[in-house]
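Structure, as structure tokens:
The values are calculated or read from the model by the stated rules, or taken from the named source; none is laboratory data. Bear in mind the structure is a predicted one, so any value in this text is a computation, not a measurement. Positions of Cβ are generated from backbone atoms using ideal geometry, with glycine treated the same way; all protein chains shown enter the neighbour counts. Heavy atoms of the whole protein, side chains included, go into the accessibility calculation; ligands, DNA and RNA do not. Shrake-Rupley method; radii C 1.70, N 1.55, O 1.52, S 1.80 Å.
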Amino acid sequence: MSHRRALPSIALAATASLALAACGSGGGTSASAGGGSPAEGGKLGVVASFYPLEYLAEQIGGSHVAVTDLTSPGVEPHDLELSPKQVAAVGKAGVVVYLKGLQPAVDDAVAQSGVSHVVEASTLSPLVDHHLDEEGGEDGEEHSHTTGDPHIWLDPTRYATVAKGVGEELAKADPDHAAEYRKNAEALVTRLTALDQEFRTGLEPYKGKEFITSHAAFGYLADRYGITQIAINGVDPESEPSPARLADIQKQAKAHGVSTIFFETLTNPKLATTLAHDLHLKTAVLDPIEGVKDPAKDDYFSVQRQNLKNLEAAFGAAR
């Protein structure tokens, strides 16, 4: 994963201090000022690092929280840079929800913020290192939460575990509404359990099938439902595959009768479409849900269900 745009810790600390002095009560953010105290308007201020965690905070917090997402809709989150105002928002949040290792600038801001209530998602669902083996398949092994594939939200059961943790932390930060946070978290877990069953039912006929995607984001989903991810790029979507890697993918596509090359919505599809053209295969979208371009139209559940349909169509069309 690329860390090249992360802000140095010393510079970040200085930036945060200046931002806090300049922004006063928050410079337009609704995040609260310290240990879970209500933000302006009586709501608990929650800062989330990117869309999947923003979605949890909003669904579980409901009308009692004001959520600030550090990553704008439609923006690829891996190389996020933080503005002074965003650094200030982290420092003043009642609750921060993030995933360590995905966005180094956020990691630094949280580490220096002194915020009392923090949910670090990988402590709830430990990351796995979905590294490519010599044949382009995947092996998984448990690692500390500072390493490994961060895309835990693409497995509904892992995402449900994080949802429970978010509910508990909101309850601690705002005890007056604890019962409602826990109720909302359980309702979301119920929906995620149902989604998991949809994936199990839909992909059961295709266990053992391979799919090719532009970005190695789907290892948890593949592990959960017994299918195999063959990724053109690694966990970092901006990494460049070697010629040998591309040749190996072409070989595997032909050997396994793959029908479709999947690309994403937030990254350049050129490599995937070129490979598909060379192999005379179809293309389709498999969305890692790192950001949603139009949250008013789509959400986590609608995108996941479309992912399932696209996988079913690709497997059903396999030669």
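Tabulated data for the structure shown
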read-out: Most to least packed among 103-111, 50-58 [average Cβ atoms within 10 Å]; value: 50-58, 103-111
read-out: Paramagnetic label zone (point 7 Å from Cα along Cα-to-C-beta, Lys282; backbone N under 20 Å) in the stretch 184-210; value: 199, 202-210
read-out: Additional length obtainable on full extension of the chain from Gln306 to Ala179, 0.36 nm per residue less Cα span; value: 42.4 nm
read-out: Trypsin sites (Lys or Arg not before Pro) restricted to DSSP loop in the stretch 231-312 with at most 10 other C-beta within 10 Å; value: Lys297
read-out: Accessible-area order (highest first, 1.4 angstrom probe) of the listed residues Leu221, Leu266; value: Leu266, Leu221
read-out: Accessible area (Å², 1.4 Å probe, nearest 10) - Ser242; value: 60 Å²
read-out: Nearest-10 value in Å² for the accessible area of Val118, using the 1.4 Å probe; value: 50 Å²
read-out: Cα-based reach from Lys92 at 30 Å (exclusive), listing lysines while leaving out same-chain residues under 8 positions away; value: Lys43, Lys100, Lys164, Lys172, Lys183, Lys293
